Amino acid sequence: MPLFRLIALLSMLATLSAGEPLRIATFRADVTPPIGSPLCCDGGVKPAREIVDPLSARGIILFVSPKPVVMVAVDWTGIASEGWDEWRAELAKAAGTDADHVTVNTLHQHDAPEYDPAADRLLEGVGLGGTLYNRAFARTALERTAAAVRAAARNPVTVSHLGLGKAKVEKVASSRRVLGEDGKVKYARMSSCRIPEAREAPEGVVDPYVRMVSFWQGTRPLAVITYYATHPQSYYGQGGVSADFVGMARGFREQALPGVAHIHFNGAGGNVAAGKYNDGSREMRPVLARRLADGMKAAFDSTVRTPIQAGDAGWRVVPVLLPPTKSLEDQQQLRRLMADEHQAQRLRLRTAHDLNWVRRYEAKHRIPLFLLTLGPAAVLYMPGELFVEYQLAAQQMRPGRFVAMAAYGDYGPGYVGTRISYTQGGYETGPVSRTDPGVEDVLMGGMRRLLEAGR
């Protein structure tokens, strides 16, 4: 075929695609672990003793060219490394797309499971196999989610309008790292705090806004997606399976908008939690939930709708190699520590994650960063327990535009701080960190490439 005819044909196909309506499908699966299953608890595990409220994997399929895009939010602590790749591959198969068009992000509740099959295999060799998570249930949860995706893909609905809104959330998020006059972390103000001086300290660096993307048929909302950056814990560690206050807030909004799917993503909340406003009492869970739900309602009420077609949606991928911290260089030492029966089990389990992470780096395993564009909106999907500064930086890269972020994708890297944070001390960038200070350059560069290409 002559070149000019080929160009004309491609132009015609692009024009036809741009005029096609946008179609979506939403799905939801139960991923509540059975009683007795291990739950995350500060780097260790705690068995499930009761089901306070169920956990779900819920998401949306966007039928766009050239391949469908799947985004799913899971009420688990984390899905890491090989496990994250496994989830994306299975859901891609169910939706008729490929893994580079699927993102799986967790909400990071702590009374919930985490999944890292490669770390589990390492622990098998030292007699701790099956202690990280319930193996049979983990497989069942993925199969349920894939089945839900498969069923949803057969029944898409047409969207006429995109909605965008945002609103401030009052008295929920606060910085976990309270700095002293020397620039070092003075207080670790975690998910709950009862230290008067720490609670009286300023809120610190947070993103106070919940951002909302919604899809409509005329004046009828079909689906709502929200993004808000904070650790989602009110109280935890007692064996009561729960989606915590973020799940409760999501539930409040579903009651207010019956029949409208609500998918919530956790933003870059690695160094953000409710500690300034939460004393850890049971009574505070519904209080925090109501505050977040009020912000979600205000974002919905402020929504501006604009027409949208399939050609207005885009998906971009930039793979990055995240550098591990120098403290993980000695793999033999990590193996000895993992095998040492005199060490606390929680340390041995964490070391399995560490060893798996550094091995994947040596194999040059890159983690994809994703960007969803919807008309004027840009949404980044990122790995790890990202510090909120990354979210704020992304917004500055496209000032005056709608920019949202979901973190807690591949959970393998754990906490991901900024360069300066590694000089400030504190829990997140101390012994539990798996990334080197150079990670900031890698991620900022990846975000810039995505956002500049998405203009």
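What follows draws every value from the coordinates through simple rules; no lab data is involved. Only a predicted model underlies this, so the values are computations on that prediction, with no experimental measurement involved. All Cβ positions, even for glycine, are placed from backbone atoms using ideal geometry, and neighbour counts span all protein chains on display.
For the pair residue 147 and residue 340, how long in nm is the line joining their label points, each one 7 Å along Cα→Cβ?
Once both label points are built, they end up 4.5 nm from each other.
Can you put 227, 133, 415 in order, fewest other beta carbons within 10 Å first?
Neighbour counts put them in this order, fewest first: 415, 133, 227.
What FRET efficiency do you get for residue 398 and residue 126 if R0 is 35 Å and r is their Cβ-Cβ distance, rounded to the nearest 0.05?
Using R0 = 35 Å, I get an efficiency of 0.15.
Grab the DSSP H runs of the chain that are 4 residues or longer, score each as -39,500 (n - 2.57), total them, divide by all residues and round the 222 nm result to the nearest 500 deg cm²/dmol.
Here the helix-only value at 222 nm equals -10000 deg cm²/dmol.
Just subtract the alpha-carbon distance of residue 93 and residue 203 from 0.36 nm times their residue separation and send over the number in nm, one decimal.
35.2 nm
Quick one: order 429, 103 by neighbouring beta-carbon count within 10 Å, fewest to most.
Working: 429 26, 103 31.
Exposure proxy ranking, most exposed first: 429, 103.
Determine, for 74, 379, the number of other Cβ atoms within 10 Å of each Cβ, and report the residues in order from fewest to most.
On the way: 74 28, 379 23.
Placing the least packed residue first, the sequence is 379, 74.
So what is the relative contact order of the chain, in percent, for Cα pairs below 8 Å that sit 6 or more residues apart?
18 percent
By Kyte-Doolittle mean hydropathy of at least 1.0 and Cα axial length of at least 20 Å, which whole DSSP H helices of the chain are selected?
Details: long enough: 3-18 (22 Å, 1.91); 81-95 (21 Å, -0.96); 135-153 (27 Å, 0.22); 284-301 (25 Å, -0.04); 345-362 (26 Å, -1.40); 439-453 (21 Å, 0.34).
Span-like helices, by this rule, are 3-18.
From largest to smallest, what semi-axes in whole angstrom does the chain give when each is the square root of 5 times an eigenvalue of its alpha carbon gyration tensor?
34, 25, 23
Just to verify a number: FRET efficiency for residue 157 and residue 254, C-beta to C-beta distance, R0 = 22 Å, to 0.05?
E between residue 157 and residue 254, to the nearest 0.05, is 0.80.
In this model, which of 93/326; 326/364; 184/326 are farther than 28 Å apart at the alpha-carbon?
93/326
Which residue, 217, 240, 180, has the largest displacement toward the positive end of the dipole of the range 179-243 when charges sit on each Cβ (Lys, Arg +1; Asp, Glu -1)?
Of the candidates, 217 comes out farthest on the positive side.
Run the reach check for residue 297 against aspartates and glutamates, Cα to Cα strictly under 20 Å, same-chain hits fewer than 8 apart removed. What comes back?
Leaving aside aspartates and glutamates fewer than 8 places away in the same chain, those within reach of residue 297 are 170, 207, 244, 254.
By a straight-distance test (C-alpha under 16 Å), which aspartates and glutamates pair with residue 67 as possible cross-link partners, with residues fewer than eight away in the same chain excluded?
20, 90, 98, 100, 312
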